[in-house]
Amino acid sequence: MKKKGIVIGAAAVLAVVLLGSSLVITNKNEYKLIRQFGKVVKVVDKEGISFKAPFIQTADTLPKQTLLYDLTPSDVITKEKKTMISDSYVLWKISDPLKFAQSLNSSMSNAENRINTAVYNATKNAIGSMYQDEVISGREGALADAVISGIGNNLNQYGIELLAFEMKQLDLPDDNKTSVYERMISERNNIAATYTAEGNSEAKVIRNTTDKEVTIQLSDAKRQAEILIAEGEAEYMRILADAYSDEDKTDFYSYVRSLDALKASMSGDNKTIVLPADSPIAQAFAGE
């Protein structure tokens, strides 16, 4: 019975050991690579529990989340052969764990070396195709796009996907920083002066055009006023001619005009008027 108990206990221990060495627990943000004699035979990319052959197979872990790699600051040369200091970082992830294991032997250090080489070469080529002021003004977007475009799909062969490139700092060496900034300020001032001169010239053209239009409109208005005055005078003369063409109308208008003359003469405090007998006003009152 004692020997039987020892055998059962040993069997239980062996079963626990076998079960422990065959279980593979995969977390949410990781891959598990199942190797047999050093060769990857299975990739587990879903979280949970899986199994492997005990003692024969082993399990390696690779990160599944987004990773950050900070490049070492390095010197780059612009199109006009001026030196700048580039300090950047990239976001990346393992997109194909099998390729990653086969090409880089699952080494994160090897992966970072590949990323460093690809990003540095792309940065050097991008900045080398741009003038210094273009590099400085484009570091917020255009430069990053050029670097990403330069890398292209080169890292896919290693199972690596590059998610983003960011320039932390893009600076000038201390010995020529001041002169470059002064030159850029001078160029910006020249551009501002050009815009100001163009604006003044355009404003002058607009003012001249407006003055010309106003002069034309005033001339047209005066001409139209002269026409209306002439037409009014012509109408006035026509009415007078029509009035004096009839004897009854002539007498009436003479009577009215006499009253108007009398009214105009009776101004001030003195209301006494002495008229000769043959005056039209006297004749009007006499009923003649």
Leaving ligands, DNA and RNA out of it, rank TYR158, TYR89 by accessible area with a 1.4 Å probe, largest first. TYR89, TYR158
For the pair THR117 and MET184, how long in nm is the line joining their label points, each one 7 Å along Cα→Cβ? 3.3
Between MET130 and residues 5 or more places away or on another chain, which pairs have amide H atoms under 5 Å apart, with H built 1.01 Å from N, and which residues are they? LYS79
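For segment 55-112, build the convex hull from the C-alpha positions and give me its volume per residue in Å³.
It comes to 110 Å³ per residue, whole-number rounded.
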Under the Karplus relation with 6.51, -1.76 and 1.60 and θ = phi - 60°, whole-Hz ³J(HN,Hα) for segment 152-168, x at Gly and Pro, equal x, 9, 4, 8, 5, 5, 9, x, 10, 10, 8, 8, 7, 10, 10, 8, 6
Integer Hz, Karplus 6.51/-1.76/1.60 couplings in order for segment 32-37, x for Gly and Pro: 10, 9, 8, 10, 10, 6
Can you give the three extents of the C-alpha atoms in segment 31-178 along their principal axes, from longest to shortest, in whole Å? 67, 22, 22
What residues qualify as long-range amide H neighbours of LYS64, i.e. H under 5 Å apart, gap of 5 or more or another chain, H built at 1.01 Å from N? GLU30, TYR31
Long-range amide H contacts for VAL24: which residues qualify at under 5 Å (H placed 1.01 Å from N, peptide plane, sequence gap of 5 or more or a different chain)? SER50, PHE51, LYS52
Separation in nanometres of the label points that stand 7 Å from Cα toward Cβ, at LEU259 and ASP145: 9.0
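By average Cβ neighbour count within 10 Å, what is the ranking of 97-110, 64-77 from highest down?
97-110, 64-77
On alpha carbon coordinates alone, what is the Rg over Rh value for segment 77-158, Rh being the Kirkwood radius? Spell out each step's value before the answer.
Working: Rg = 14.6 Å, Rh = 13.8 Å.
Reported Rg/Rh, Kirkwood definition of Rh: 1.06.
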Which of the residue pairs LYS28/LYS99; LYS28/LYS93; LYS32/LYS168; LYS64/LYS124; LYS32/LYS52; LYS64/LYS168 have a Cα-Cα distance greater than 22 Å in the structure shown? LYS32/LYS168; LYS64/LYS124; LYS64/LYS168
Can you give the net charge of the other residues whose Cβ lies under 14 Å from the Cβ of PHE37, counting K and R as +1 and D and E as -1? +3
Å² of accessible area per residue within segment 18-137, as computed with a 1.4 Å probe and no ligands counted: 54
Express in whole angstrom the spacing between the alpha-carbon centres of segment 104-119 and segment 20-97. 10
With all protein chains present, how much of the accessible area of segment 19-119 (probe radius 1.4 Å) comes from carbon and sulfur, to the nearest whole percent? 52
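The values are calculated or read from the model by the stated rules, or taken from the named source; none is laboratory data. Computed from a prediction, not measured in an experiment: that's the story for all the values here. Using ideal geometry, Cβ is built from the backbone for each residue, glycine included, and neighbour counts are taken over all protein chains shown. Note: areas computed on protein heavy atoms with side chains; ligands, DNA, RNA excluded. Shrake-Rupley method; radii C 1.70, N 1.55, O 1.52, S 1.80 Å.
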